[in-house]
Amino acid sequence: MKNGKIVARDLVKVGEYFVKMAIDPKNVSPPPPKRPEDWPDFLREHLDCIVPENFKKIHFRRSTLEEVHFMIPPKELVQASLDAVREDPQRSYPLPGEYERIANGSTKLTPEQVFYFRVGEYTLNLCR
């Protein structure tokens, strides 16, 4: 798959991993890669993600309360998303299906799992 975005088969699992990285990075298992070029395979093998072939390196930046990092997504991904929304203005914005279930109260996720889902979703989707 070229371009595109990272797709997680289980956003709760991915989010839980990222939360552990934020809270206790030295004790997260399996240990996260140290090199950006190792992250694509790590996401595929350990977090069951589909990672586009052109994503060769993935960088994670740790924010602090004094220094916060905002990610600006690649222009190609932003443009593709904007084009899709503009193509059919009557269509709903394409959110992961779990958001609808959360909004209408039919989710089977616990509040903690919803939190992990959100962390996983907005981290992998570059907050776009």
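The values are calculated or read from the model by the stated rules, or taken from the named source; none is laboratory data. In this text, all values refer to a predicted model and were calculated from it rather than measured experimentally. Neighbour counts run over all protein chains shown; Cβ positions are idealised from the backbone, glycine included.
Does residue 53 qualify as being part of a loop (DSSP other than H, G, I, E, B), within 23 Å of residue 5 (Cα to Cα) and acidic (Asp, Glu)? Before the answer, list the steps.
Values: part of a loop (DSSP other than H, G, I, E, B): yes; within 23 Å of residue 5 (Cα to Cα): yes; acidic (Asp, Glu): yes.
So residue 53 passes the test.
Applying the criterion of being part of a loop (DSSP other than H, G, I, E, B) and of a type in the set (Gly, Ala, Ser) to the residues of the range 71-128, the residue that is nearest to the chain's Cα centre (by Cα) is 92.
In the range 101-115, which residues are out of contact with any Lys or Arg (no Cβ under 6 Å at 6 or more places or on another chain), among the β-branched types (Val, Ile, Thr) and surrounded by 15 or more Cβ atoms within 10 Å (Cβ to Cβ)?
Restricting attention to the range 101-115, the residues satisfying the condition of being out of contact with any Lys or Arg (no Cβ under 6 Å at 6 or more places or on another chain) are 101-106, 108-115.
Now drop any that are not among the β-branched types (Val, Ile, Thr), which leaves 102, 110, 114.
Of everything in the range 101-115, those that are out of contact with any Lys or Arg (no Cβ under 6 Å at 6 or more places or on another chain), among the β-branched types (Val, Ile, Thr) and surrounded by 15 or more Cβ atoms within 10 Å (Cβ to Cβ) turn out to be 102, 114.
Cβ-Cβ under 8 Å, sequence separation 6+ or interchain: first residue in the range 34-58 and touching a residue at least 40 places away in the same chain (Cβ under 8 Å) and within 21 Å of residue 72 (Cα to Cα), partner surrounded by 15 or more Cβ atoms within 10 Å (Cβ to Cβ) and of a type in the set (Lys, Arg). Which pairs? Qualifying pairs under 8 Å: 52/5.
Take residue 98 and tell me if it is surrounded by 12 or more Cβ atoms within 10 Å (Cβ to Cβ) and charged (D, E, K, R). Step through it out loud before you land on a result.
On the way: surrounded by 12 or more Cβ atoms within 10 Å (Cβ to Cβ): yes; charged (D, E, K, R): yes.
Here the answer is yes, as residue 98 does meet what is asked.
Scanning the range 15-33 for residues that are farther than 20 Å from residue 64 by Cβ and either assigned to a loop (DSSP other than H, G, I, E, B) or in contact with an Asp or Glu (Cβ under 8 Å, 6 or more places away or on another chain) (or both) yields a total of 5.
Per-residue answers, yes or no, for (1) in contact with a Lys or Arg (Cβ under 6 Å, 6 or more places away or on another chain); (2) closer than 16 Å to residue 124 by Cα; (3) modelled with pLDDT under 85; (4) among the polar types (S, T, N, Q):
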site	(1), (2), (3), (4)
45	no, yes, no, no
49	no, yes, no, no
57	no, yes, no, no
65	no, no, no, no
77	no, yes, yes, no
82	no, no, no, no
90	no, no, yes, yes
93	no, no, yes, no
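Of all residues in the range 10-30, which are farther than 18 Å from residue 44 by Cβ, of a type in the set (Gly, Ala, Ser) and modelled with pLDDT of 95 or more? Answer for the range 10-30, where residues must be farther than 18 Å from residue 44 by Cβ, of a type in the set (Gly, Ala, Ser) and modelled with pLDDT of 95 or more: there is none.
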